[in-house]
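Below is one structure; the comments refer to it alone.
The values are calculated or read from the model by the stated rules, or taken from the named source; none is laboratory data. Since the structure is predicted, the reported quantities are computational estimates derived from the model, not experimental observations. Every residue, glycine as well, gets a Cβ built from its backbone with ideal geometry; the counts of neighbours run over all protein chains shown.
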Amino acid sequence: MATEEKIIIESVQQETVVQAVSGQTEPVYHTQEDIEARDRDILAALDQMLERHHAPPPKPPEESPIEKFAVGVVRKGAGILSLAITLIFMGIVVICCFFADAPDYLLPMKLAPVSAVLLGLELFIYHIASGRRFRIHIPAIIITALIIAGCCTMAVVMNDSYTETKTEYNNRTIAAQIYESGYHELRHAAEIKEIEVQVDLNPDGAARIEGIESLSADDTVILTVTFSGAYNGPAAFAAECKTVIDAYRFLGIPVTGFHFISDSKFSSFRLDVNGQFMQDYSESDLIDEIAYVYVEDYDYIDDLEDFVGETTETAETAEV
């Protein structure tokens, strides 16, 4: 601005000097219109000069949100982006473990190396993009390492706890659940004194994880049922046994074998039902499988058992 004003003033001064040297007392401009035109030109030049001086500087192009985010991440240093992705990724993995039906609590530890891969990729990209000159955000890398270590520790602890709970559940609870189911179904349907449940689960079966509802033919379930009633004959005993068999079939529990026992003062009944085919027998078919004894004195049974035991020992001694 000062330079252009100086040029205009010098131009006016030079014209005045020329007039003085030439002895002219009148101005160079011969008419009033010329003077006004000259003034307008000078004012227009000054206005144009002032407009250029006060014109606002051009605005830089606006950055997109992605560009702003990228610039911010680059300024903070390598490690911020991998930390954010690690938090999101490990959080999703832990949530899936908590809400899964059959959780694998070791999954966070198995997927922990993914965080190291993300950090390595981020460092590699920074190395290429910045011409081997980039910043490393040390706190972010330390926090990432602590998060991974914490997730691995939590995974090991929860997996051990879950394994102990699962083993206790399988070994101690399946038999109790079968007992409770049979009790609620048969307490008014049969004269049962005692039910003993023996369960041997398949190590690779679904019942170890899902419980009684997932029992299959691979699992062994043995029921020993002792009746408290006195039966007049094998037919009544067979009807009672058939009631128990049908009840467990209705409950959907695959029983491998039944042992039925009934001892009274004057009779003793035994029936072993093994496999699905025998469980499909009718009452008349079961009668043929019953072993029974009628006695006038119940002590005869104990004497008979002692006699059988002594006879067996004598035979074994004779063979030796």
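A single entry from Ile212, Ile195 fulfils the requirement of being at pLDDT 90 or above and surrounded by 14 or more Cβ atoms within 10 Å (Cβ to Cβ): Ile195.
Quick check on this structure: which one of Ala238, Ala145 is buried (at least 16 other Cβ atoms within 10 Å of the Cβ) and either assigned to a loop (DSSP other than H, G, I, E, B) or not acidic (Asp, Glu) (or both)? Steps first, answer last, please.
Working: Ala145 fails: buried (at least 16 other Cβ atoms within 10 Å of the Cβ).
Only one candidate passes the filter, namely Ala238.
Looking across Phe250, Phe269, Phe277, one residue alone is at pLDDT 90 or above, in contact with a Ser or Thr (Cβ under 7 Å, 6 or more places away or on another chain) and within 30 Å of Ile174 (Cα to Cα). It is Phe269.
Pick from region 105-138 the residues that are touching a residue at least 40 places away in the same chain (Cβ under 8 Å) and of a type outside the set (A, V, I, L, M, F, W, C): which of them is farthest from Ala207 (Cα to Cα)? Step by step, filter region 105-138, then rank; the result is Ser130. Sort out which residues of region 252-262 are farther than 15 Å from Ile192 by Cβ and either among the polar types (S, T, N, Q) or assigned to a helix (DSSP H, G or I) (or both), and write them in order of number. Once the filter is applied, which keeps residues that are farther than 15 Å from Ile192 by Cβ and either among the polar types (S, T, N, Q) or assigned to a helix (DSSP H, G or I) (or both), region 252-262 yields only Thr256.
Would you check if there is a residue in region 275-290 being in a loop (DSSP other than H, G, I, E, B) and in contact with a Pro (Cβ under 8 Å, 6 or more places away or on another chain)? Outline the logic, then answer.
Of all residues in region 275-290, those in a loop (DSSP other than H, G, I, E, B) come to 280-282, 288-290.
Still in the list and also in contact with a Pro (Cβ under 8 Å, 6 or more places away or on another chain): 290.
Scanning region 275-290, I find at least one residue that is in a loop (DSSP other than H, G, I, E, B) and in contact with a Pro (Cβ under 8 Å, 6 or more places away or on another chain), so the answer is yes.
Would you check which residues across region 129-151 are more than 20 Å from Met90 (Cβ to Cβ) and modelled with pLDDT of 75 or more and list them? Ile136, Ile138, listed by residue number. Checked against (1) touching a residue at least 24 places away in the same chain (Cβ under 8 Å); (2) part of a loop (DSSP other than H, G, I, E, B), Asp204 passes all but condition (1).
Give the number of residues within region 93-121 that are surrounded by 11 or more Cβ atoms within 10 Å (Cβ to Cβ) and under 12 Å from the mean Cα position of the chain (by Cα).
Total satisfying the criteria: 11.
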